[in-house]
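Visitor: Below are the structure tokens for one structure; questions will follow.
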Amino acid sequence: MPSVSKRVLPVAGLLVLAAAVLSFPALAPNPYILSAGIVVLNYAVLSTSWNFVGGFTGYISLGHGALAGLGGYGTALLVTRAGLPSFVALAVAALAVAALAVPIGLAALRVRGASFVIVSIALVLILLLVFQSWASVTGGSRGLVVPRPFPGMLRPEHHRVFYYLFAGLLAVALLAWWVIDRSRFGLGLKAIREDEDKAEALGTPTFTYKLIVFVVSAALTALAGGLYALWFGDLDPVFQFSILTGSYLVLMALLGGVRNLFGPLAGALIVGTALEYFKGQFGNTPLHLVATGILLGVVVMFMPDGVLPAITGRWRRLRQQPESSIREVTAAELRTERERAEAKP
């Protein structure tokens, strides 16, 4: 019976989550709330994509926002300059970013710890300078307008279509993470996370594994960035190549739990919703960052492993049946049991 409940409860929870996500557009009271839902879903895809590297290998990258920016600008330029259809441009841009991730990974993944974090930050700053300075192609600080893929569609319906597109991309990212988590490849990545030197000594091709998962993560991140460009329709280098974006992704994944499939999703729901609310309350002032920092501090203090691990751990403790032992049986209970045994014929 307990084994059945262990299988049924996760499936039931997944169905409830899917129903909640799919029904949100019908429940959203206005287009603004629906657009906020798209932003949160975008964060969920990005943080899940980041978790391929951060969750499996333990490498903390603050540069994943740059990969999303490359996906967005690649999609936009292929539409505006090459004349490709919107979703063909999205796929080509994602493949191009995945190919570009190979030399980036070859250079960045040779260092660890704080050095890797610094390299990832340098990637963001370099791309920001390039895309701001190369105004003849990227539009520079003036920005770049991306044609809408559905020009005859009204704005509310446009939001609804892209909401489901982001939900589908999130499902693909979650499925890919789940498959890797249960594979031999995923076992090797976890060995890298726990002790990379020992994993390499035992025969795991650590650098190859890190490079492969980095490329997979880059492709999914680029897809999210490109899809966001097609939805939002306007790109700005300062926003697309921002250190804050990478920091948000790390915050979301850590908040939800990096070793949990739905950890980044939970973190994105919490942080993404909080960011949209705080921005609405405080505008463009830095106060929304202060509020987000306080939220992170509270979770780190009381749930250091993340929200989902804390909740599941608490649930398991509540459901755990106390084991019987001689120390838990009183003398009176022992006497009663002996008398019952003696009374039996």
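The values are calculated or read from the model by the stated rules, or taken from the named source; none is laboratory data. Predicted model only: the values in this text are computed from it and were never measured. Methodologically, a virtual Cβ is constructed for each residue, glycine included, from the backbone with ideal geometry; neighbour enumeration extends over all protein chains shown.
Visitor: If you go through the stretch 270-279 one residue at a time, how many are among the hydrophobic types (A, V, I, L, M, F, W, C) and surrounded by fewer than 22 Cβ atoms within 10 Å (Cβ to Cβ)?
Guide: 3
Visitor: If I go through the stretch 142-157 residue by residue, how many of them are in contact with a Gly (Cβ under 9 Å, 6 or more places away or on another chain) and exposed (fewer than 13 other Cβ atoms within 10 Å of the Cβ)?
Guide: Number satisfying all stated conditions: 2.
Visitor: Could you grab the pairs with beta carbons closer than 6 Å, sequence gap of 6+ or different chains, first residue in the stretch 141-159 and under 25 Å from V130 (Cα atoms), second one assigned to a loop (DSSP other than H, G, I, E, B)?
Guide: G143/D236; V146/G233
Visitor: Continuing with the same structure: Can you spot a residue in the stretch 68-79 that is among the β-branched types (V, I, T), crowded, with 20+ Cβ neighbours inside 10 Å and assigned to a helix (DSSP H, G or I)?
Guide: Looking for residues that are among the β-branched types (V, I, T), crowded, with 20+ Cβ neighbours inside 10 Å and assigned to a helix (DSSP H, G or I), one finds at least one in the stretch 68-79, hence yes.
Visitor: Here is a follow-up. Of the conditions (1) outside any loop (DSSP other than H, G, I, E, B); (2) more than 12 Å from the chain's Cα centre (by Cα), L62 clears all except one; give me its number.
Guide: (1)
Visitor: Consider the stretch 200-211. How many of its residues are assigned to a helix (DSSP H, G or I) and either more than 16 Å from V111 (Cα to Cα) or of a type in the set (S, T, Y) (or both)?
Guide: The qualifying residues number 4.
Visitor: Follow-up question, since we're still on this one. Count, please, the residues in the stretch 237-260 that happen to be outside any helix (DSSP H, G or I) and surrounded by 20 or more Cβ atoms within 10 Å (Cβ to Cβ).
Guide: 4
Visitor: I need a count of the residues in the stretch 19-39 that are free of Cβ contacts under 8 Å to residues at least 24 places away in the same chain, under 22 Å from the mean Cα position of the chain (by Cα) and under 15 Å from A167 (Cβ atoms).
Guide: Selection size over the stretch 19-39: 3.
Visitor: Could you list, in sequence order, all residues of the stretch 147-166 that are out of contact with any Leu (no Cβ under 9 Å at 6 or more places or on another chain) and either among the polar types (S, T, N, Q) or within 18 Å of P29 (Cβ to Cβ) (or both)?
Guide: Within the stretch 147-166, L154, R155, E157, H158 qualify.
Visitor: Taking the conditions exactly as written (in a helix (DSSP H, G or I), at pLDDT below 95 and over 23 Å from A66 (Cα atoms)), does P151 satisfy them or not?
Guide: Details: in a helix (DSSP H, G or I): no; at pLDDT below 95: yes; over 23 Å from A66 (Cα atoms): yes.
Here the answer is no, as P151 does not meet what is asked.
Visitor: Further question on the same structure: Looking at G58, G54, which is the one that is at pLDDT below 95 and either closer than 14 Å to G263 by Cα or among the hydroxyl-bearing types (S, T, Y) (or both)?
Guide: Only one candidate qualifies: G54.
Visitor: Another one. Residues R160, R193: which one is modelled with pLDDT of 95 or more, buried (at least 16 other Cβ atoms within 10 Å of the Cβ), of a type outside the set (F, W, Y) and part of a helix (DSSP H, G or I)?
Guide: Unique residue meeting the criteria: R160.
Visitor: Identify, please: which residue in the stretch 196-223 is under 30 Å from L90 (Cβ atoms) and of a type in the set (S, T, N, Q) and is, among those, surrounded by the fewest Cβ atoms within 10 Å (Cβ to Cβ)?
Guide: Ranking the candidates gives T208 first.
Visitor: Also, I was wondering about something else. Give me the residue from the stretch 263-311 that is touching a helix residue (DSSP H, G or I) at 6+ places or on another chain (Cβ under 6 Å) and not in a helix (DSSP H, G or I) and, out of that set, modelled with the highest pLDDT.
Guide: Per the stated criteria, the residue is G306.
Visitor: L175 versus (1) in contact with a Gly (Cβ under 8 Å, 6 or more places away or on another chain); (2) part of a helix (DSSP H, G or I); (3) more than 20 Å from I60 (Cα to Cα): which is the lone unmet condition?
Guide: It is condition (1) that L175 fails.
Visitor: Let me ask something additional. Output the residues belonging to the stretch 168-187 that are of a type in the set (F, W, Y) and touching a Ser or Thr at 6+ places or on another chain (Cβ under 8 Å).
Guide: W177, the sole residue that qualifies.
Visitor: Of everything in the stretch 176-190, what is crowded, with 17+ Cβ neighbours inside 10 Å, small (G, A, S) and within 16 Å of L261 (Cα to Cα)? Give them in sequence order.
Guide: A176, G186
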